[in-house]
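Below is one structure, written out as structure tokens, with a few remarks after it.
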Amino acid sequence: MALSGIQIFKMMPKKNCAECGVPTCLAFAMNLAAGKAELDQCPYVSDEAREKLASASAPPIRTVQIGAGDNAVKAGGETVLFRHEKTFNNPTALGCLVAASEDDATIDEKLKAFKELSYERVGLTLKAELVAVKDGGDPGRFAQVAKKASDAGAALVLMSDNVDTLKAALAEVGTQKPLLYAATAANLDDVSALAKEFDCPLTVKADKVGDVARLSAKLVEKGHKDIVLDSGSRKMSELIRDQVLIRRLALEKLYRPLGFPTIVFPCEMADNPVDEAITAGTFISKYGGIAILSDFRGEVLFPLLLQRLNIFTDPQRPMTTEQGIYPIGTPGDDSPILITSNFSLTYFIVSGEVESSRVPSWLLVLNTDGLSVLTAWAAGKFVGDLIGPFVKKSGIEEKTKTRKLIIPGAAAIISGDLEEELPDWEIAIGPREGAHIPAYLRQNYA
Ligand code: SF4
């Protein structure tokens, strides 16, 4: 039974020291009750209170780690229904189904794609994290494919109804803490014993949310903490209903048997890549903790990774690009130099347009706290007396003989100030719109 904020407050140290990040113990207790804080944030909670509060203050949806070491990925840990309320925490882990019954060439191709489909955006590496290995009836082959996928750097989902087959694979990759799929009403005790033996997370699967909850409660009774839920639905409307139901019961009613991340299978819900991408995208937005695709295709994976990046970034903090010098193409001594703000969207648009011009260029990115050019100018963060010192300290003068700085047309008003700040430089006013950059660069520099 969840404790109220007042009940939790009675057990708090009442120092009101604010070390937990809020001014009073009462505010902290309220946050704990709402699942918006963690007990460890208060260093003064007594052991006795900690014991009593541990389960009451546990996050409403547990964070479950799949995999070990560098290959580990986390799912769950969410505390809100809508990202604008606060933020979503652990991005939907994306994986691909590899059937042990497939031939070596197909499997190798999928694992090669797993390794190679990796994209750099806003200083982050975007890639899939998981391979779900599906039993093809031969335990030896299943274990061999699992090992191969693990060696490729994937966190694993081991999919088999046969406990002996799962055990054969765990003998090879058990130390990698794969997710076992799945404990059902028919094999719950055996899969539970296996998960305990190898200390692995496990999935519970049934055909209805109510049955999933009953099985999950049994696993909790047996001492399992790392559980993933599969409500069994493979129709879009039913699965959306299930995902929303699970999330709402976990967050709003603190219903512990459903307080775990979910796994969804777009690979079993669509028969072509477009529908599969749409399905996966739906469940990145609507609460899928893990989504398994049928293949790794760049044209499907890349948009999903970008969607995931957008959904799982903190809406209260603008996405930013690091301040610095970004060479585009292989710029040299006489290449143009442009400057923009570090709002990620601005950076992507400007760098993309410069790239498409095929004119090698230097792009300077100024830290404007994630504000776009015009907003940053209005806030005094994209102005001459900040840009000038930045240009001087950036090191661009050592990289090139060019002393002409192209500023965004939308910020033309700062050109006078900038000329004072950079007396050795010519200030050029570039296009107002990013779409006009290629023509501008080709016309002036090609
Ligand atoms: S750190 Fe602990 S004692 Fe200090 S205000 Fe927060 S809850 Fe109270």
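Taken over region 270-317, residues that are without any contact (Cβ under 8 Å) to a residue 40 or more places away in the chain, crowded, with 17+ Cβ neighbours inside 10 Å and assigned to a loop (DSSP other than H, G, I, E, B) amount to 1. Entry remark, region 1-36: residues being within 12 Å of the ligand (Cβ to nearest atom) and in a loop (DSSP other than H, G, I, E, B) number 14 in total. Checking each residue in region 111-131 for being of a type in the set (Lys, Arg) and out of contact with any strand residue (DSSP E or B) (no Cβ under 8 Å at 6 or more places or on another chain) picks out 112, 115, 121. Annotation: residue 39 fulfils all but one of (1) touching a residue at least 24 places away in the same chain (Cβ under 8 Å); (2) more than 7 Å from the ligand (Cβ to nearest atom); (3) surrounded by 15 or more Cβ atoms within 10 Å (Cβ to Cβ); the unmet one is (1). Restricted to region 318-331, and to residues that are under 22 Å from the mean Cα position of the chain (by Cα) and surrounded by 14 or more Cβ atoms within 10 Å (Cβ to Cβ), which residue is modelled with the lowest pLDDT? Among those residues, the one meeting the criterion is 318.
Residue 352 - would you say it is surrounded by fewer than 20 Cβ atoms within 10 Å (Cβ to Cβ) and either in contact with a Phe, Trp or Tyr (Cβ under 7 Å, 6 or more places away or on another chain) or aromatic (Phe, Trp, Tyr) (or both)? No, not satisfied.
Residues of region 104-120 that are crowded, with 16+ Cβ neighbours inside 10 Å and not in a loop (DSSP other than H, G, I, E, B): 107, 110, 111, 113, 114. Can you give me the number of residues within region 243-269 that are part of a helix (DSSP H, G or I) and crowded, with 24+ Cβ neighbours inside 10 Å? Final tally of qualifying residues: 4.
Residues in region 242-250: is at least one of a type in the set (Gly, Ala, Ser) and touching a Ser or Thr at 6+ places or on another chain (Cβ under 8 Å)? For region 242-250, residues of a type in the set (Gly, Ala, Ser) and touching a Ser or Thr at 6+ places or on another chain (Cβ under 8 Å): absent.
The values are calculated or read from the model by the stated rules, or taken from the named source; none is laboratory data. Small disclaimer: the values here were computed from a predicted structure and weren't measured. Positions of Cβ are generated from backbone atoms using ideal geometry, with glycine treated the same way; all protein chains shown enter the neighbour counts.
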